[in-house]
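The values are calculated or read from the model by the stated rules, or taken from the named source; none is laboratory data. Here the structure is a predicted model, which is why all the values come from computation and not from measurement. No Cβ is skipped: glycine too gets one built from the backbone with ideal geometry, and neighbour counts run over all protein chains shown.
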Amino acid sequence: MKKTFTLMLFPIFLLSSIVSATTVDVIWQTPVNVTVDGNNLLKTSGGSGWNADAVSLQTIAAGENGFVEITVEQTTTNRMFGLSDINVNSVFNTIDYAIFLIPGKRIQVYENGSFLGEFAGYDIGSVLRVERIDTTVSYLNDGVVFFTSGVASTTELIVDTSIHEVGGTLSNVVLSSPTVPEPSTCLSFLIALFFLTFRKKLPQ
């Protein structure tokens with residue numbers, strides 16, 4: 001007589017890694033007047049005006065923590081990025097929680113078109129972030145919170161953008177969320193499922 005066993009430990013280990021927070025390059029969709037290059041955006045048409053944008057394919061699920069983050073590569077153009085529940089249009093005043101990068105290395109915060117203040121400057125290489133923890137949205141410059149929103153956030157969120165001048169860029173845009181698995185993790189999970197169903201026969 002023979003008996004079988006199922007290999008469980010390896011899949012369980014991989015499943016635990018999937019539910020941890022993952023940071024991935026943003027995949028852009030619905031681009032308007034911009035050229036997409038990986039997780040970067042460059043405004044290439046439309047003249048001067050808030051008429052250029054793209055939004056992320058990935059989302060931060062409702063009620064989950066997460067953030068969008070960019071690495072600054074220029075200080076000479078006007079552009080905004082942040083988080084929204086839906087993509088309304090290319091205009092900045094439809095971004096729910098937005099950082100405004102202004103020439104002269106200044107930062108402002110806007111929420112749905114409302115100006116909420118001007119804060120510490122930025123430079124080439126600065127890492128700027130809009131982050132939700134629980135229901136609170138915060139704005140960070142190189143890991144330091146410089147403003148906290150008074151408007152609670154509970155809905156699903158996407159990365160939302162708006163660029164004013166041709167030549168304006170948003171670079172190295174990444175999204176972090178527990179439900180955004182890395183491609184390598186997805187492949188490992190499929191392999192784990194195979195092992196989950198694999199049964200090896202052993203002699204009595």
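In this structure, is VAL55 at pLDDT 95 or above, over 15 Å from PHE147 (Cβ atoms) and assigned to a strand (DSSP E or B)?
The answer is yes for VAL55.
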Query raised in the report: Given SER176, SER153, SER162, SER138, which one is within 23 Å of ALA54 (Cα to Cα), small (Gly, Ala, Ser) and in a loop (DSSP other than H, G, I, E, B)?
Result: SER153
Query - Those strands (runs of 3 or more DSSP E) lying entirely in the range 77-123 with at least 2 residues of a type in the set (Gly, Ala, Ser), buried (at least 18 other Cβ atoms within 10 Å of the Cβ) and assigned by TED's automatic domain parsing to the domain that holds GLU64 - result: 79-84
Requested in this report: Pairs only if they're at least six apart or on different chains, beta carbon under 9 angstrom, first in the range 143-154 and farther than 19 Å from GLY121 by Cα, second of a type in the set (A, V, I, L, M); list them, first residue then second.
Outcome: GLY150/LEU116; VAL151/VAL137; ALA152/VAL137; SER153/LEU83; SER153/VAL137; THR154/ALA62
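Taking the range 68-92 as the region of interest, how many residues are farther than 11 Å from LEU157 by Cα and touching a Ser or Thr at 6+ places or on another chain (Cβ under 8 Å)?
Just the residues of the range 68-92 that are farther than 11 Å from LEU157 by Cα, to begin with: 69-81, 88-92.
Add one more test, that the residue is touching a Ser or Thr at 6+ places or on another chain (Cβ under 8 Å), and what stays is 69-74, 77, 79-81, 88, 90-92.
So the answer is 14.
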Report task. Test THR155 against the criterion of being modelled with pLDDT of 95 or more and hydroxyl-bearing (Ser, Thr, Tyr), and give yes or no. Result -> yes
Query raised in the report: Taking the range 85-105 on its own, how many of its residues are touching a strand residue (DSSP E or B) at 6+ places or on another chain (Cβ under 6 Å) and closer than 17 Å to LEU170 by Cα?
Result: 8
Report task. Consider only pairs whose beta carbons are under 7 Å apart and that are at least six residues apart or on different chains; among these, list those whose first residue lies in the range 25-51 and is assigned to a loop (DSSP other than H, G, I, E, B) and whose second residue is acidic (Asp, Glu). Result -> GLY38/ASP25; ASN39/ASP25; SER48/GLU165
